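*Asks:* Could you have a look at this structure, given as structure tokens, before my questions?
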């Protein structure tokens, strides 16, 4: 729940930023000055890119959360007991220790979205967010192909 609130706050702040930049872009476009018009065009393009990126990230989060609920309903989430920091994040050494098992599982069953989702969770626990997101994206694609 806390993560959803944080996402909502960040999305609202980004939308506010986009509105404010859009206002400035409009004023620059109306300025009649060549440089002002060029800057106005740039300020129109950048918020469009920001909206696209925000939508893409929110959609990824929705799909990843849905897969997590499916895997939890199947009883397939990792169930190892690990120590965590006060923030709730897994201690990196413990995440690293779990990694070989889940990597081998994903390599043994490359078409299993469940294995790739678990690998993504363990990558994240080990502190490798980029690879964790890649593994979860692969899990989303595999699950979509299976439907």
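We did not get these values from a lab; they are worked out from the coordinates using the rules stated. This structure is a prediction, so every number in the text was calculated from the model and none was measured. Note that each Cβ is placed from the backbone with ideal geometry, even for glycine, and that neighbours are counted across all protein chains shown.
*Asks:* Just one of [x] 1.15; [y] 1.09; [z] 1.04 is Rg/Rh (Cα atoms, Kirkwood Rh) as worked out from the coordinates here. Which one is it?
*Replies:* Derived directly from the coordinates: [x].
*Asks:* Let me ask something else about it. Can you tell me the relative contact order of the chain? Whole percent, Cα pairs under 8 Å, sequence separation 6 or more.
*Replies:* It rounds to 15 percent for the chain.
*Asks:* Using the alpha-carbon atoms, what tilt in degrees (0 to 90, nearest 10) does helix 2-29 show relative to the longest principal axis of the chain?
*Replies:* Helix 2-29 and the main axis of the chain meet at about 20 degrees.
*Asks:* If you line up the Cα atoms of the stretch 92-146 on their principal axes, what length do they span on each, largest first, in Å?
*Replies:* Dimensions of the stretch 92-146 along the principal axes of its Cα atoms: 34, 20, 10 Å.
*Asks:* To continue, here is another question. If the chain between residue 24 and residue 57 were fully stretched, how many nm would it gain, using 0.36 nm times the residue separation less the Cα-Cα distance?
*Replies:* Stretched out fully, the residue 24 to residue 57 stretch lengthens by 9.3 nm.
*Asks:* Could you work out how much longer the chain between residue 5 and residue 105 gets when fully extended? Use 0.36 nm per residue separation minus the Cα distance between them, nm to one decimal.
*Replies:* 32.6 nm
*Asks:* Still on this structure, I have one more. If I fit a long axis through the Cα atoms of helix 113-125 and take the longest principal axis of the Cα atoms of the chain, what angle between them do I get, 0 to 90°, rounded to 10?
*Replies:* Approximately 80 degrees, to the nearest 10.
*Asks:* Still on this structure, please answer the following. Among 31, 112, 87, which comes first, then next, by fewest other beta-carbon atoms within 10 Å?
*Replies:* In order of increasing Cβ crowding within 10 Å: 87, 31, 112.
*Asks:* Quick check on the exposure proxy: order 51, 19 from fewest to most C-beta atoms within 10 angstrom.
*Replies:* 19, 51
*Asks:* Can you sort 122, 21, 9, 82 so the residue with the fewest Cβ neighbours within 10 Å comes first?
*Replies:* Neighbour counts put them in this order, fewest first: 9, 82, 21, 122.
*Asks:* Let me ask another. What do you get for the angle between helix 92-108 and the principal long axis of the chain? Use alpha-carbon atoms, 0 to 90 degrees, nearest ten.
*Replies:* Rounded to the nearest ten degrees, it is 80.
*Asks:* How far is the Cα center of the stretch 110-124 from the Cα center of the stretch 127-147, in Å?
*Replies:* 7
*Asks:* Quickly work out the residue 133-to-residue 12 label distance, labels modelled 7 Å from Cα along the C-beta direction, and quote it in nm with one decimal.
*Replies:* Inter-label distance under the simple model: 2.4 nm.
*Asks:* Rg and Dmax of the stretch 2-74, Cα atoms, in Å?
*Replies:* Computed over the Cα atoms of the stretch 2-74, radius of gyration and Dmax are 17.6, 62 Å.
*Asks:* If you don't mind, another one. Divide by every residue of the chain the summed helix terms, -39500 (n - 2.57) for each DSSP H run of at least 4, and state the resulting mean residue ellipticity at 222 nm, rounded to the nearest 500 deg cm²/dmol.
*Replies:* Dividing the helical sum by the residues of the chain leaves -28000 deg cm²/dmol.
*Asks:* Just need the relative contact order of the stretch 92-146 here, percent rounded to a whole number, with Cα pairs under 8 Å and 6+ apart.
*Replies:* Relative contact order comes out at 37 percent.
*Asks:* How many angstrom separate the Cα center of the stretch 74-104 from the Cα center of the stretch 1-44?
*Replies:* Rounded to whole Å, the Cα centres lie 40 Å apart.
*Asks:* Suppose the chain between residue 66 and residue 89 were pulled fully straight at 0.36 nm per residue; how much longer would it get relative to their current alpha carbon spacing?
*Replies:* Extra length available between residue 66 and residue 89 comes to 6.2 nm.
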